[in-house]
Amino acid sequence: MLFRNLRDELDATLARDPAARSRLEVVLCYPGFHALLFHRLAHWLWQHGLLLAGRFVSHIGRMATGIEIHPGARIGKRLFIDHGMGVVIGETAEIGDDCTLYQGVTLGGTSLDRDQKRHPTLGNGVIVSVHAQVLGPFRVGDGARIGAQAVVLSEVPDGATMVGIPAKPVARRRDSGESQPAFQPYALGPEIPDPIVRALSGLLDEVTSLRARLAEIEKSERPRSSTAERAPEVQRGNGACDKERAA
Ligand SMILES: CC(C)(COP(=O)(O)OP(=O)(O)OC[C@H]1O[C@@H](n2cnc3c(N)ncnc32)[C@H](O)[C@@H]1OP(=O)(O)O)[C@@H](O)C(=O)NCCC(=O)NCCS
């Protein structure tokens, strides 16, 4: 059926965008979801030989959403295109299940050969960050993450994180050794808490070190203050002696 499993697409958006609050909101306000609806129709027309009609539906979808998906592109389940504006997905591109694309992403070609595959193939669970360009007919492995603004020009291994121009694999700054959560576009792993938690734990560290410092100061002040406490007694004692002496 042309529009089957739409609930899965809606739930994928809810799961991967903290700003999404309900399925109705996704249906009404998410251009990525609208683009998928246009693409399903355009792709169906394309597969049934109605090439111009497919291109036309794709073009209407582009006008409505700012997302250009060629009707020949093959898209797996639960694709989430966040924000969407400026996304371009070429004719021979293939996208696996559970992938995420952000605004300004291009899955483009580097050749003009009409009879060849020209565009990339994304595996399952791939994240392509904002304004990244993936150019050429190679594979991007399952679970790979393409960093913001990266330009990827060659095959990407499963699970790799690629950044830069041309993109190169990069290791995380901090690696806890724990298994990473399935979806982490914002580089928020278990070892990198969110900003509020980070601020709070910074404050707690500060309080702990201030307490330690205070304890040290109190300790070093104690002998002096005990002398100060004894001083009046000494004076009083002297006074008594004086009085005694006077008597
Ligand atoms: C790719 C990404 C997921 C990497 O996250 P990560 O694995 O936690 O990586 P780290 O933050 O530990 O960075 C590792 C190294 O890569 C560098 N790096 C990370 N992202 C980079 C990027 N997009 N371009 C260039 N270098 C980048 C870091 O500076 C660091 O280098 P260093 O070790 O020399 O300091 C993340 O940086 C990213 O680009 N996320 C994009 C999110 C996005 O598109 N959001 C859109 C919301 S609308």
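The values are calculated or read from the model by the stated rules, or taken from the named source; none is laboratory data. These numbers come from a predicted model, not from an experiment. Don't worry about glycine lacking a Cβ; one is built from the backbone with ideal geometry, like all the others, and counts go over all protein chains shown. To get the accessible areas, we keep the full protein, side chains included, count just its heavy atoms, and leave off ligands, DNA and RNA. Shrake-Rupley method; radii C 1.70, N 1.55, O 1.52, S 1.80 Å.
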For LEU10, LEU37, the accessible-area ranking with a 1.4 Å probe, largest leading, is LEU37, LEU10
The alpha-carbon center of region 1-34 and that of region 44-121 are separated, in whole Å, by 18
Reported to the nearest 10 Å², THR110 has, with a 1.4 Å probe, an accessible area equal to 100
Sorted by chain and then number, the residues having a modelled amide H within less than 5 Å of the amide H of ASP98, at least 5 places away or on another chain, are LYS77, ARG78, LEU79, GLY125
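For region 113-152, what is the charge dipole size about the Cα centre, in debye to the nearest 20, if Lys and Arg each add +1 at the Cβ and Asp and Glu each add -1 at the Cβ? Walk me through the intermediate numbers first.
Working: 5 positive and 3 negative charges, 4 e Å.
Computed about the Cα centre, the dipole is about 20 debye.
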Quick calc: nm separation of the 7 Å Cα→Cβ label points for ALA215 and ILE60 -> 7.3
For VAL140, other-chain or 5+-apart residues with amide H closer than 5 Å (H placed, Pro excluded) are THR121, LEU122, GLY123, VAL156
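Let's test the formula: R0 of 45 Å, r as the Cβ-Cβ distance of LEU51 and LEU200. What FRET efficiency results, to the nearest 0.05?
Numbers: r = 58 Å, r/R0 = 1.28.
The computed FRET efficiency comes out at 0.20.
What percent does the relative contact order of region 85-178 come to when contacts are Cα pairs within less than 8 Å and at least six residues apart? Before the final figure, lay out each step's value.
Working: 265 pairs, mean separation 19.1, N = 94.
With pairs under 8 Å counted, the relative contact order is 20 percent.
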